[in-house]
1. As I understand it, the dipole of the chain uses +1 on the Cβ of Lys and Arg and -1 on the Cβ of Asp and Glu, about the Cα centre. Which of ILE11, GLY30, ALA101 lies farthest toward its positive end?
2. Compute the angle between helix 99-112 and the longest alpha-carbon principal axis of the chain, please, reported from 0 to 90 degrees and rounded to the nearest 10.
3. Run the numbers on segment 1-124 and let me know its relative contact order in percent, using alpha-carbon pairs under 8 Å that are six or more apart.
4. Out of ALA76, LEU166, ALA192, whose Cα points farthest toward the positive end of the dipole of the chain (charges: +1 Lys, Arg; -1 Asp, Glu; placed on Cβ)?
5. Would you calculate, for the chain, the mean residue ellipticity at 222 nm contributed by helices, counting each DSSP H stretch of 4 or more residues as -39,500 (n - 2.57) and dividing by all residues, to the nearest 500?
6. On a 0 to 90° scale, report how tilted helix 163-194 is relative to the longest principal axis of the chain, with both axes built from alpha carbons and the result rounded to the nearest 10.
7. Once both labels are modelled 7 Å past Cα along the beta-carbon direction, what's the ARG18-VAL67 spacing in nm?
8. With charges only on Cβ, +1 for K and R and -1 for D and E, what is the dipole size of the chain about its Cα centre, in debye, rounded to 20?
Amino acid sequence: MSDVVDLAAQIEADRIARGVAAAAQPIALGVPGECDGCEWWMPRLVGGLCPYCRDGRPRPADWEPPVPPNSPSAPAAPAISKEPAPMSAKSIQLPAAAQSAIRKVTELAAAKGMSIGQAAAELIDREIAPPAAEAPTVVARTLGVPELLDQLRAAFDDRPDHSAELAAMTERATAAETRAAAAEEKLAQFKALLA
């Protein structure tokens, strides 16, 4: 004998199977035209009937019948622009951890009164722009070659002489190498005594 719970489960399974079968039915193709039931023009009729006549439900109180596209009262189609379409926008997302970058973008957008996307593009353009010309290039253009050579010679002559420091560093390095060699020799003698 079946339990009541088993019977309820079977009824539920049957209902689900019927619902899935009904949902799996192909949707009927509709065609625009006048409904055979109410004689209103509708953009989609199935079997010659509009959805209200097919389902038997009443029309809403604020319902207005649709207007056929070729009737004089139909709204005019929007004009097609002859101009080329603008470039499509690209979306770039910053990770939430990039708080300093987000702060810079929002600060620039607020300061210049532009969108965040434009501010981000401006910051990126600044970063990838070629570096500005260095000051010596400007000097070379304003001075003649002889004057520039005189300035370079003067800068070279004014540099400090580091030869004494270099000699002292070389001397210290040689002394350190001598001490290291002596320490290694003493270490070898000590190892020989312990062996």
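1. ILE11
2. 80
3. For segment 1-124, the relative contact order is 11 percent.
4. Final value for the positive-end residue is ALA76.
5. Calculated mean residue ellipticity at 222 nm is -17500 deg cm²/dmol.
6. Between the helix axis and the principal axis of the chain, the angle is about 90 degrees.
7. 4.5
8. My answer is approximately 200 debye.
Only the coordinates and a few stated rules stand behind these numbers; no lab work does. These numbers come from a predicted model, not from an experiment. Note: ideal-geometry Cβ built from the backbone for every residue, glycine included; neighbour counts use all protein chains shown.
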